[in-house]
Amino acid sequence: MIHILLIDDCYPINTRNRKILTSLAEHYGEQAEFSVITWDRNNDYQQALPGYHVYSKVSAYGNKTRKLLNLWGYRKFCHDTIRRLNPDVVIASHWNNLLMVPRLDRSRQMLIYEDLDVPTEAYIFRKASSILEHWKMRQADLTIHASRFFTELYSPKHRQIVLENKPIVHVEPSTQPYTLHNPIRIAFIGLLRYREILALLIDAVRGDSRFDLFFHGDGHARQYLEDYAGNAQNIHFTGRYDFEDVGRLYQQTDIVWAAYPNKDFNVKYAISNKFHESLVYGIPTVYADNTRLGDFVSHEGIGMTVDPYSTDNINAFLEHIASNTLELDQIAQNIHSFFLQQTTWNEDFVKITEEIDKFLDKKKQR
């Protein structure tokens, strides 16, 4: 029996980590036992879940001071729980949680660092966080990167695998022909945040009869953005949606807006979930310029870029699109061809289970 423990300091744990646990369970079946350490920061943990070990201290998301005050207690909780459970494999999701792991017996315990996001605070704090992250990585047996572009930030001395957030089940590429609506439909699909740059998009589209702008989703910026949009007839807020609705929302859209704030260091190197969703559903998507993802989609002809902080640049982009709609059809065709060449989540995940199996085999031989 192999005991695998995952640490995620948010409850519920994020979708990606649930996918990782699902894939591990499919691979090991009844030969594995799973545990999760998590931090219930909003009193959301109401029903006990098997294998869950929950640190309960209210620390509202966005309140960094409150989180810092409770961080030492969370660290002690992680140390005590890991030592008590004595797992074979520990997966620390995000660099914050990597620092919460006590020194393990590396002859019989494997530490996997899941590099979900890179440190992204103001320069001095980011450098300090990065130093701590790289120091702790020396104890990790394997690093899993959520973006292909993260690898260039780390020494090749570390064992590294890229596992981007692709769909966990094989999805056939969309067979529906790409056709434009009139007006052209632009949609933001996901958690509504970054209100400053989304307000600039509203400014650019407001009252322009050539475009309809949709915000599908909820989040702390939703009320602000609704108020900011005012009575604009071509701007629509549809609210929270179920995961099963994502495909339908994409297929109702002509252009997906995924231009995140490129002043954020993590955004410069991250791979947006919207990138993989765009490939699956064949919908042209707009990303932030001056990012590794933006450079990549431009080079491959599978996406578009814009300066998310520039009203003039957004306006120029919309003018170009309205006058050159055939470009969107070409991008959709390019996306279809590109997607056919991509590996799946399961094909990528095999590399991780191979590393775990190698470690377990060595452990048996000792």
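Pairwise over distinct Cα atoms, reciprocal of the mean inverse distance: report the Kirkwood radius of the chain in Å, one decimal place.
After inverting the mean inverse Cα-Cα distance, the result is 22.2 Å.
In square nanometres, what is one fourth of the surface area of the convex hull spanned by the alpha carbons of region 196-248?
4.1 nm²
Give me the percent of the accessible area of region 275-349 that comes from carbon and sulfur atoms, probe 1.4 Å, all protein chains in place.
45 percent
For LYS263, give me every one of the lysines with a C-alpha distance below 17 angstrom, ignoring sequence neighbours fewer than eight places off in its own chain.
LYS127
Once the dipole of the chain is set up with Lys and Arg at +1 and Asp and Glu at -1 on Cβ about the Cα centre, which of ASN97, PRO177, PHE77 lies farthest towards its positive end?
PHE77
Calculate the all-directions average of the projected area of region 271-366's alpha-carbon convex hull, and give it in nm².
Averaging across all directions leaves 8.3 nm² for the Cα convex hull.
Nearest 10 degrees, 0 to 90: what angle lies between the long axis of helix 345-365 and the longest principal axis of the chain (Cα atoms)?
Tilt of helix 345-365: around 10 degrees.
Dipole of the chain, Cα-centred, from +1 at each Lys and Arg C-beta and -1 at each Asp and Glu C-beta, to the nearest 20 debye?
1900 debye
Give the ranking of ARG138, ARG185 by solvent-accessible surface, highest area first, calculated with a 1.4 Å probe.
ARG138, ARG185
Taking the Cα atoms only, what angle lies between the long axis of helix 123-137 and the longest principal axis of the chain, rounded to 10 degrees?
40 degrees
So what does log10 I(q)/I(0) come out to for region 1-127 at q = 0.15, 0.19, 0.20 Å⁻¹, using the Debye formula with one equal point on every Cα and no solvent?
Log-scaled intensity ratios, in q order: -0.72, -1.14, -1.26.
Taking a temperature of 37 °C and a viscosity of 0.692 mPa s, what whole-number D in µm²/s does Stokes-Einstein yield for region 135-241 with Rh from Kirkwood over alpha carbon pairs?
Using the Kirkwood radius from Cα pairs, D works out to 188 µm²/s.
On the protein heavy atoms, probe 1.4 angstrom, tell me the percent of accessible surface of region 158-213 carried by carbon and sulfur.
51 percent
What spacing in nm lies between the two simple spin-label points modelled at ASP295 and SER323, each 7 Å away from Cα in the Cβ direction?
2.9 nm
Quick check: with the 1.4 Å probe, what order do VAL350, VAL101 take by accessible area, largest first?
Largest accessible area first, the residues go VAL350, VAL101.
Cβ under 14 Å from GLY73's Cβ, GLY73 left aside: what net charge do those residues give with Lys, Arg +1 and Asp, Glu -1?
Net local charge, GLY73 excluded: +3.
Jot down the radius of gyration and Dmax of region 210-333, Cα atoms only, both in angstrom.
Radius of gyration, then largest Cα-Cα span, for region 210-333: 14.5, 39 Å.
Would you rank PHE150, PHE296 by solvent-accessible area, highest first, keeping every protein chain in place and using a 1.4 Å probe?
My answer, sorted largest first, is PHE296, PHE150.
So what does LEU318 come to for accessible area, using a 1.4 Å probe and Å² rounded to 10?
Accessible surface of LEU318 is approximately 0 Å².
Rounded to the nearest 500 deg cm²/dmol, what is the calculated helix-only ellipticity per residue at 222 nm for the chain, with -39500 (n - 2.57) per DSSP H run of length n ≥ 4?
Helices in the chain give a 222 nm mean residue ellipticity of -12500 deg cm²/dmol.
Suppose all protein chains stay in the model; what accessible area per residue would a 1.4 Å probe give for the chain, in Å²?
49 Å²
With both partners inside region 1-157, how many of the DSSP beta bridges are antiparallel, as a percent to the nearest 5?
Antiparallel bridges: around 0 percent, rounded to the nearest 5.
Tell me which lysines have Cα within less than 18 Å of LYS362's Cα, excluding those fewer than 8 residues away on the same chain?
List returned: LYS351.
Rounding to the nearest 10 and keeping the result within 0 to 90°, find how far the Cα-based axis of helix 195-205 lies from the longest principal axis of the chain.
Here the helix axis deviates by roughly 20 degrees.
Expressed as a whole percentage, what fraction of the accessible surface of region 14-132 belongs to carbon and sulfur atoms when a 1.4 Å probe is rolled over the protein heavy atoms?
54 percent
The values are calculated or read from the model by the stated rules, or taken from the named source; none is laboratory data. Please read these numbers as outputs of a predicted model, since none were measured by experiment. Positions of Cβ are generated from backbone atoms using ideal geometry, with glycine treated the same way; all protein chains shown enter the neighbour counts. Accessible surface areas use protein heavy atoms only, side chains included; no ligands, DNA or RNA. Shrake-Rupley method; radii C 1.70, N 1.55, O 1.52, S 1.80 Å.
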